[in-house]
């Protein structure tokens with residue numbers, strides 16, 4: 001087996017371990033989480049839902065496992081979704097964060113990924129879908145490229161969910177305030193999943 005294949009298997013295994021830890025805690029504080037989500041937002045996001053990455057971050061795969069395996073939300077998923085894939089969705093979840101490794105694996109430049117995300121957003125808006133932006137990767141998913149992706153997605157979002165480590169500088173707080181977008185800051189990926197579940201209609 002080639003070294004590249006070993007590397008790929010290792011990354012997949014690491015993602016699964018992270019996702020399993022997130023799943024283990026995903027329902028522990030659901031009642032507490034429900035109390036932090038504004039009533040005007042709770043249960044207002046419809047199915048079918050679709051998850052994709054904005055920036056080719058592997059965090060999208062973790063969110064997918066959390067949403068579908070533990071929370072049973074039944075979202076469709078494609079890390080490299082094309083516009084036509086989201087045309088039937090009522091809720092689009094964008095998992096934010098630029099990854100050079102992910103871009104390389106996808107064979108995309110950052111500029112190409114920005115164009116893909118713009119087209120996916122446009123398709124979702126034309127279909128009347130609401131957009132949820134999630135940032136779960138902490139400080140490792142910040143920086144110039146990630147910030148550019150974040151600045152693209154936040155203004156078109158109906159709500160933003162951020163794990164607090166990625167907002168230590170208040171970047172999301174300021175950006176969401178500027179565009180009047182509701183922001184949910186949570187302590188963990190598990191809690192981000194709980195917020196997502198509360199947002200979705202039964």
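The values are calculated or read from the model by the stated rules, or taken from the named source; none is laboratory data. Not measured: the values here are computed from a predicted model. Positions of Cβ are backbone-derived with ideal geometry, glycine not excepted, and every protein chain shown enters the neighbour counts.
Values as computed for the structure displayed
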| quantity | calculated |
| --- | --- |
| Qualifying positions in region 40-62 - under 19 Å from residue 82 (Cβ atoms) and crowded, with 19+ Cβ neighbours inside 10 Å | 49, 50, 51, 52, 53, 54, 55, 56, 57, 60, 61 |
| Residue among 130, 101 that alone is touching a strand residue (DSSP E or B) at 6+ places or on another chain (Cβ under 9 Å) and modelled with pLDDT under 95 | 101 |
| Count of residues meeting criterion [in contact with a helix residue (DSSP H, G or I) (Cβ under 8 Å, 6 or more places away or on another chain) and buried (at least 16 other Cβ atoms within 10 Å of the Cβ)] in region 63-84 | 14 |
| Scope region 63-76; condition under 21 Å from residue 99 (Cβ atoms) and out of contact with any strand residue (DSSP E or B) (no Cβ under 8 Å at 6 or more places or on another chain); matching residues | 65, 66 |
| Residue 155, sole failed condition from (1) in contact (Cβ under 8 Å) with a residue 24 or more places away in the chain; (2) buried (at least 22 other Cβ atoms within 10 Å of the Cβ); (3) farther than 14 Å from residue 50 by Cβ | (2) |
| Positions within region 80-99 being outside any loop (DSSP other than H, G, I, E, B) and in contact (Cβ under 8 Å) with a residue 40 or more places away in the chain, in sequence order | 83, 86, 91, 92, 93, 94, 95, 96, 98 |
